[in-house]
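Have a look at the structure below, then the notes.
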Amino acid sequence: MDWLYDEFQQTGKDYASQEEVDIYDPSHDDFRDIGQELDEAVNWIQPTLQSRILDIGCGTGNFSIHFSERCQRLYALDISPPMLALAQKKAAEKKRDNIEFIHAGYLTFDLPERSIHGVISSLSLHHLPDFWKAVALKRLFAVLAPGGKLYFHDVVIPDDHSEKAIQEFIDLQGERGGDFLREDTQIHFKEEYSTCDWVMQGLLRTAGFRIRQEKTRDRVLKTYYCEKPHE
Ligand SMILES: C[S@@+](CC[C@H](N)C(=O)[O-])C[C@H]1O[C@@H](n2cnc3c(N)ncnc32)[C@H](O)[C@@H]1O
């Protein structure tokens, strides 16, 4: 398809840069409780030692490594080679040997339909413009087995007082992580494609997902706990 969006081209933060990759985990520790996120994702997806799990936009591999201890096979996908290299190094240190690292993204992954029991998408779908988010979510829906779960976490903008919510989040990030995190967050809204809650919900539902629960933190950090219905 000549007109396929080039998802390998970085938008906003350049996660193909080694410098950005090296600073990623320490800077995210300033505003995330990653242990809590991992617990929430596991509680929703409920992996078993027979499950195949997909972590799409895996970044430094925190979800991939944690889930790999609880499932049969973990597919860790990212479009950034240095992100994949760091995730692979961390996995080797933990002696994880059931993770398949794949250089691909939402629009280019090639996995059999209905072969996956759970999908983790954390802070990565916003790199695609909205139409391509719709394409991506339909592709995720297709690879999930009926009854499969999607843990979807991202920056999503509330429908009311949107600009105020964004400014409050930027200020909060500045308090937590100084100029680095403030600028990081500004770049997010200026150059990346976080969208509105009503759009995100429409995209998820139109792809076929049922949204079973929602949770919002820090005004704009939103988790949708989704399921592919049984036929
Ligand atoms: C903010 S990081 C999130 C990493 C990790 N999931 C987390 O929760 O910390 C965003 C990641 O998404 C990746 N990414 C960007 N566009 C992507 C795409 N189209 N498909 C898959 N991954 C993508 C980036 O390379 C980066 O590693």
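What follows draws every value from the coordinates through simple rules; no lab data is involved. Keep in mind that this is a model prediction, so the values were computed, not measured. Every residue, glycine among them, receives a Cβ derived from its backbone with ideal geometry; neighbour counts consider all protein chains shown.
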task: Return the subset of LYS133/LYS190; LYS149/LYS215; LYS95/LYS228; LYS164/LYS215 for which the Cα-Cα distance in this structure is over 26 Å, preserving the input order.
output: LYS95/LYS228
field: the chain - share of DSSP beta bridges that are antiparallel (%, nearest 5)
entry: 40 percent
field: Simple Cβ-charge dipole of the chain, Lys/Arg +1 and Asp/Glu -1, about Cα centre, in debye nearest 20
entry: 1120 debye
